[in-house]
Amino acid sequence: MATPKKNLYGLSLEELQEVLIAEGEKPFRAKQIYAWLYAHKVTEIQAMTNLSKDLRARLEAGYVIEPPRVAARHVSSDGSVKYVFDAGEGRQVEAVYMPMEKGITLCLSSQVGCAQDCSFCMTAQMGFIRNLSPGEIVGQAAVITQEKAVDGPFNLVMMGMGEPLLNLQNLIKALDIFTHKLGFDLSPKRITVSTSGHVRNLEKLGEYPKLPRIAVSLNATTDEVRNEIMPVNLKWNIRELIDACKRLPISQRDRITFEYVLLEGVNDTPADARRLVRLVSNIRCKVNIIPFNEMEGLDYKQPDLETIERFRQALNKSGILNTVRWSKGRDVGAACGQLATPVAKRGAHLREKLHV
Ligand code: SF4
């Protein structure tokens, strides 16, 4: 049986150099291939026209260029598109294209499923299947930007399926490709990595020289509630998470984003707002208030508009920069926390426990 061809897509500059050395070529050619793959986004080795015919033929004998394959697209009435990518073995991951006022934002996945088990999130119900490779992470952006003819810089948020910091090595390889001059050439400021609060790996990411923007999914102001809705809190509690955020080497002009999914009767009271202010007031930050997207399979509710406004006003009064973020793509299951298939109801027990 013939040996299967290897995929060049997702290889770093150093890994491409190794491929060339194995072919008896000068390693500097790796830069040319790297630019073809990630800046020009070619999917045929023959399209790399500044390589000799002989080298192209030898590469073709052993390699292919295979970014992830789109299995389905769901177009929302608000212009966003949920892309479903084939992840092999009958699994899929999802990414979302979002046209925003200030340009294009892509929301990418980092894992198939997720182990973090946040109780308000559909992805959690899939459990953890596997990490995505660097090529599978970068490829989501390459395929979408090609298809949508995105010309010029765009914004990336690692907020799709998975906890990016539990796939740190591949995430960093993907960030290298996104930010490399010969790759996507994106400023790290255009990239946001969101975490549920994996403190150890947040500290490791803090050592990365091209530190992206950081979003922390906080969602509660007491350990009692956060333990229930985000089990990662049992390992690193709110105080440890906030302290880790304070230690991050964020530039003077940048801010950490705290995501706060507002769940009726769980984390939306005036006391929650006051505690939130106390938690974040010594950090250069902004708070994204995300009214929960109600969906079948999750038994949480979105607070009414008055409650949302009251919560927001409490932050405003204390000078905490904030926005209320209404998720895009709700009608096609592309909104925050919706990236998976419904399987069970959760949430009711927590409201019960909190006497709502
Ligand atoms: S909210 Fe994020 S970290 Fe939590 S289960 Fe969902 S995908 Fe995982």
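The values are calculated or read from the model by the stated rules, or taken from the named source; none is laboratory data. As the structure is a computational prediction, the values presented were derived from the model and not from experiment. We place every Cβ from the backbone using ideal geometry, glycine too, and count neighbours over all the protein chains shown. Ligands, DNA and RNA are stripped out before the accessible areas are found, and what is left, the full protein with its side chains, is counted by its heavy atoms. Shrake-Rupley method; radii C 1.70, N 1.55, O 1.52, S 1.80 Å.
Based on alpha-carbon centroids, what's the gap between region 233-311 and region 3-33 in Å, whole number please? Region 233-311 and region 3-33 have Cα centres spaced 44 Å from each other. The residues of the chain expose, per residue, 46 Å² of accessible area to a 1.4 Å probe. In this Cβ point-charge picture (+1 for Lys and Arg, -1 for Asp and Glu), region 106-187 has a dipole of about 80 debye about its Cα centre.
Note on region 87-163: with neighbouring protein chains present and a 1.4 Å probe, carbon and sulfur make up 48 percent of its accessible heavy-atom surface. Here region 19-49 is scanned for amide nitrogen atoms under 20 Å from the site 7 Å beyond the Cα of Asp185 along Cα-to-Cβ, giving 29-43, 48-49. Taking 7 Å steps out from each Cα toward its Cβ at Ala72 and Lys210 produces label points 3.4 nm apart. Positive-end ranking of Leu305, Leu11, Pro153 along the dipole of the chain, with charges on Cβ about the Cα centre, is headed by Pro153. Is the shape of region 6-64 best called rounded, prolate or oblate, per the rule: a/c under 1.5 gives rounded, else a/b larger than b/c gives prolate, else oblate, with a ≥ b ≥ c the square roots of the Cα gyration tensor eigenvalues? Rounded, since a/c falls under 1.5.
How much length would be gained if the chain were fully extended between Arg274 and Val64, taking 0.36 nm per residue of separation minus their Cα-Cα distance, in nm to one decimal? Please report the intermediate quantities before stating the final value.
Working: separation 210, 0.36 × 210 = 75.60 nm, distance 5.55 nm.
Value of the extension gain: 70.1 nm.
Placing R0 at 51 angstrom, the Cβ-Cβ distance between Gln146 and Gln313 gives a FRET efficiency of 0.70 after rounding to 0.05.
In this structure, the pairs whose alpha-carbon distance is over 32 Å, taken from Lys5/Lys235; Lys6/Lys102; Lys102/Lys173; Lys26/Lys148; Lys181/Lys246; Lys26/Lys173, are Lys5/Lys235; Lys6/Lys102; Lys26/Lys148. What does the charge dipole of region 6-64 about its Cα centre add up to, to the nearest 20 debye, if the Cβ of each Lys and Arg holds +1 and the Cβ of each Asp and Glu holds -1? For region 6-64, the charge dipole is close to 180 debye. One chain, two ends: Glu18 and Gln169. Fully extended at 0.36 nm per residue, the span grows by 52.5 nm beyond their Cα-Cα distance.
With a cut-off of 8 Å between alpha carbons and a minimum separation of six or more residues, what is the relative contact order of the chain in percent? Reported as a whole number, the value is 15 percent. Going by alpha carbons, how many degrees (0 to 90, nearest 10) lie between the helix axis of 305-317 and the longest principal axis of the chain? Helix 305-317 sits at roughly 90 degrees to that axis.
Of the residues Asn282, Val225, Tyr63, the one whose Cα sits farthest towards the positive end of the charge dipole of the chain is Asn282 (charges of +1 on Lys and Arg Cβ, -1 on Asp and Glu Cβ, taken about the Cα centre). Based on DSSP H segments of at least four residues, each scored -39500 (n - 2.57), the chain has a per-residue ellipticity at 222 nm of -8500 deg cm²/dmol. In loop segments of region 1-102 as defined by DSSP, the chymotrypsin sites (Phe, Trp or Tyr not before Pro) with at most 14 further C-beta atoms inside 10 Å of their C-beta are Phe28. Shown is the FRET efficiency for Asn201 and Lys53, computed with R0 = 51 Å from the Cβ-Cβ distance and rounded to the nearest 0.05: 0.70. For region 270-327, the set of chymotrypsin sites (Phe, Trp or Tyr not before Pro) satisfying both a DSSP loop assignment and a count of at most 15 other C-beta atoms within 10 Å is given as Trp326. Projected label points at Glu224 and Glu89, each 7 Å from Cα along the beta carbon direction, are separated by 4.1 nanometres.
Computing FRET efficiency as 1/(1 + (r/R0)^6) for Ser251 and Thr3, where r is the C-beta to C-beta distance and R0 is 56 Å, gives about 0.75. Note on region 70-353: dipole from Cβ charges, positive end direction compared against Leu106, Cys245, Ile129; the farthest Cα belongs to Cys245.
The charge dipole of region 1-128, taken about its Cα centre with unit charges on the Cβ of Lys, Arg, Asp and Glu (plus for the first two, minus for the last two), comes to roughly 340 debye. Identify the trypsin sites (Lys or Arg not before Pro) of region 41-73 meeting these criteria: DSSP loop state and at most 14 other C-beta atoms within 10 Å of the C-beta. Loop-located and lightly packed - Arg69.
For region 61-104, the square roots a ≥ b ≥ c of the C-alpha gyration tensor eigenvalues yield an a/c of 1.5 or more together with a/b not exceeding b/c, which makes the shape oblate. By DSSP, the beta bridges lying fully in the chain are antiparallel in about 45 percent of cases.
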